[in-house]
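> Structure below; questions to follow.
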Amino acid sequence: MGSRRGNPLHGWVLALLMLLTLPVLAQRNLGVAQAERGAARVALVIGNAKYPSAPLRNAVNDARDMAAALRHLGFDVIERTNATQKEMNRAIAQFGNKIRSDSIALFYYAGHGMQVKGKNFLIPVDAQIDSESSVRVETVDVDGALDQLSISSLNIVILDACRNNPFERRFRGTSGGLAQMDAPKGSLIAYATAPGKTAADGEGRNGIYTQELLKLMQTPGIPIEQVFKRVRANVARATADNQIPWEASSLTGDFYFNAEAPASAGPASLVGETTPPPAMKFPEAAAIELAYWESIKDSKDVADFNAYLEKYPEGQFVALAKNRMAAASRATRKDAAPDIAGLWHWSVKTIFVPDRTNTIKADGTCELNTGTTCVWSYLDPATRKIAFRFSDTWTHTMKLAEDGRSMTGADDWGTTVVATKAGAL
């Protein structure tokens with residue numbers, strides 16, 4: 001019996017069909033990749049520091065620097081600082097309106113936060129908390145913010161809200177720090193320290209957690225979970241293990257903050273996750289500060305140097321800014337505005353802030369006996385209005401009495417401030 005053989009023509013036809021199909025498949029795969037690269041990046045960044053009874057040193061700086069970094073990494077950022085409860089809720093709603101099913105959504109918060117019975121709450125600057133029941137009506141429930149993220153393909157939540165919190169000491173039933181939350185599929189929740197623990201606010205421009213995160217999220221080619229792992233190692237090392245950042249993750253693919261992913265990176269495993277938008281180089285912070293200084297260094301306006309000192313309280317040009325501000329202040333002063341140099345008794349009329357001594361110098365600088373520094377200048381020499389800008393971001397606007405021995409005014413929140421001269425330097 002003879003063997004049966006297939007028709008050779010059939011093989012050629014099949015090969016031809018495959019050759020014709022490959023470009024179509026390639027085009028379809030290219031379309032998928034393009035869709036991944038085009039995933040919208042949306043972020044909400046909130047930083048609260050000016051709490052009347054418990055101000056924070058660097059939460060606003062953390063938020064501003066995080067917002068700048070995210071913009072350079074391709075995010076459409078909604079930014080709020082020193083926000084009231086209404087402002088926070090409106091920003092969260094605006095954030096939710098921007099999110100689509102293919103979005104990459106990121107929520108960052110720096111400020112006071114607390115847990116009550118296992119639920120986490122973010123504290124607006126206008127919160128009036130005197131009991132456990134008031135927490136729910138005066139704060140923002142973290143779960144409400146997370147609800148806005150439910151439709152997006154990848155969610156990132158970063159909570160730098162574990163600072164020592166004076167609100168927690170006013171009543172029983174709370175634990176320090178924040179409570180652990182489960183991360184739904186496609187989500188990562190990051191804490192500045194482990195659940196139930198607290199972290200220091202920090203002494204520099206940024207808190208140590210956000211400082212390390214800002215560095216590493218800009219590093220090319222590091223998946224997000226590796227970014228936070230390295231942040232954890234750096235923060236633990238810097239704090240002698242007193243602060244250990246923590247994350248809960250249920251990501252099913254990789255995501256890169258920086259677009260310059262490794263050359264060996266494989267195909268995307270989640271739509272919108274692995275392939276970021278085209279590379280954007282983040283300018284060095286020092287270069288940004290230098291450009292800012294160059295733009296104001298020859299100014300004759302005291303407000304320009306005040307703005308620099310507020311933005312960069314630990315900056316490279318602080319001494320120069322203070323000198324030039326003092327010179328500008330002297331140049332604009334009138335004879336009717338006397339020199340206020342001396343020791344002053346400083347009193348903010350609230351039960352939470354003790355009276356202090358303010359050493360005011362003729363060069364336009366001043367310092368509280370707590371170590372907080374400040375700069376001062378006449379806003380209107382004719383009416384003797386003076387602004388005192390403190391390094392903890394507060395400003396006191398005062399009016400000097402005719403006899404030059406007392407001042408009255410208010411802080412940013414309208415709290416009465418009274419000062420009386422106690423003696424010469």
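Read-outs throughout are calculated quantities, based only on the coordinates presented, and are distinct from any laboratory measurement. Everything quoted here is computed from the prediction, not taken from an experiment. Cβ coordinates were reconstructed from backbone atoms using ideal geometry, including for glycine residues, and neighbour counts include every protein chain displayed.
> Measure up LYS117/LYS197; LYS311/LYS399; LYS361/LYS399; LYS349/LYS399; LYS98/LYS229; LYS50/LYS349 against 19 Å on the Cα-Cα distance and list the ones that go over.
Violating the 19 Å Cα-Cα cut-off are LYS311/LYS399; LYS98/LYS229.
> What's the center-to-center distance, using Cα atoms, between region 40-112 and region 356-418 in Å?
Taking the Cα centre of each part, region 40-112 and region 356-418 sit 31 Å apart.
> Another question about this same structure. Can you run phi through the Karplus equation (6.51, -1.76, 1.60; θ = phi - 60°) for region 46-57 and list ³J(HN,Hα) in whole Hz, with x for Gly and Pro?
Karplus values, whole Hz, x for Gly and Pro: 10, x, 10, 10, 8, 7, x, 9, 8, x, 10, 6.
> Would you please classify the overall shape of region 287-423 from the alpha carbon gyration tensor, given that a ≥ b ≥ c denote the square roots of the eigenvalues, rounded means a/c under 1.5, and beyond that prolate means a/b larger than b/c while oblate covers the rest?
Because a/c hits 1.5 or more and a/b fails to exceed b/c, region 287-423 counts as oblate.
> When ranked by the protection proxy of mean other Cβ atoms within 10 Å per residue, highest first, what sequence do the peptides 125-134, 68-77 form?
Most protected by this proxy first, the peptides run 68-77, 125-134.
> Charges on Cβ only, +1 for Lys and Arg, -1 for Asp and Glu, centred on the Cα centroid of region 287-423; of GLY409, ILE340, TRP376, which one is farthest towards the dipole's positive end?
Checked the options; the winner is ILE340.
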